[in-house]
Amino acid sequence: VLAANVLQSTNGATYTVGDSTGWRVPTNNDFYDDWTNNKVFVVGDVLVFNFTTGQHDVAEVTETAYDACTTANTISTVNTGPARITLNRTGDFYFICAVPGHCSGGQKLNVEVRNGNNGTAAVPAPGPSPTTTPVANSPTTSTPPTAATPTSPGTLSPPPGTNSASSLVSTLSPVFFMAIALVLMC
């Protein structure tokens, strides 16, 4: 169990919401719905909302509030940009900008979060944060966490190539963590 939790927490990908557009009122009401297409979000992934403090915010709301674009019974709100939100459970997350008129103008995001990496996740662009962030695994390989290299907004990093070293790490990682867990229990 310990090993599974450690592995799951180290495999989170970082997604920059809206890529180079960031978190703002889009020109197309379906912009953020379109942005989530072909992405699979898993527990431990991080969403980075790039916005100017004072002009926007990110409010996590219920599905009902999301549909109605209302801030009644807001779950949480981040007022300082960029906002980094870790997806810490399975299920749907609903985010809106609580500035009047922004949600109804299309500044809203719904993501469905799955448990674990099922190998179909798209490789996201690293966020602009200078901190060390795990990089998403490609569909066919597993690599140890590395420092994210900030890129120009909207620039995708190429997926890591298949090689025997990454396959070896993928195979031995669970064994290594299980060995640590057993040592700690004894």
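Things worth noting here:
- Considering each residue of segment 50-63 in turn, at least one proves to be assigned to a helix (DSSP H, G or I) and at pLDDT 95 or above.
- Residue in segment 83-102 that is closer than 15 Å to Thr16 by Cα, in contact with a Gly (Cβ under 9 Å, 6 or more places away or on another chain), surrounded by fewer than 20 Cβ atoms within 10 Å (Cβ to Cβ) and modelled with pLDDT of 95 or more present: yes
- Ala121 satisfies every condition listed in (1) part of a loop (DSSP other than H, G, I, E, B); (2) open to solvent by less than 20 Å² (accessible area, probe 1.4 Å); (3) at pLDDT 95 or above; (4) farther than 16 Å from Trp23 by Cβ except (3).
- Only residues that are over 14 Å from the mean Cα position of the chain (by Cα) and either over 18 Å from Gly101 (Cβ atoms) or open to solvent by 80 Å² or more (accessible area, probe 1.4 Å) (or both) were counted across segment 38-76, and they come to 10.
- Thr27 meets all of the listed conditions (1) of a type in the set (S, T, N, Q); (2) without any contact (Cβ under 8 Å) to a residue 12 or more places away in the chain; (3) crowded, with 19+ Cβ neighbours inside 10 Å but one, namely (3).
- The residue list Asp57, Asp45 contains one member that is more than 15 Å from Val111 (Cα to Cα), among the charged types (D, E, K, R) and touching a residue at least 12 places away in the same chain (Cβ under 8 Å), which is Asp57.
The values are calculated or read from the model by the stated rules, or taken from the named source; none is laboratory data. Quick caveat: nothing in here was measured; it's all calculated off a predicted structure. Note: ideal-geometry Cβ built from the backbone for every residue, glycine included; neighbour counts use all protein chains shown. Ligands, DNA and RNA are excluded from the accessible area calculation, which covers all protein heavy atoms including side chains. Shrake-Rupley method; radii C 1.70, N 1.55, O 1.52, S 1.80 Å.
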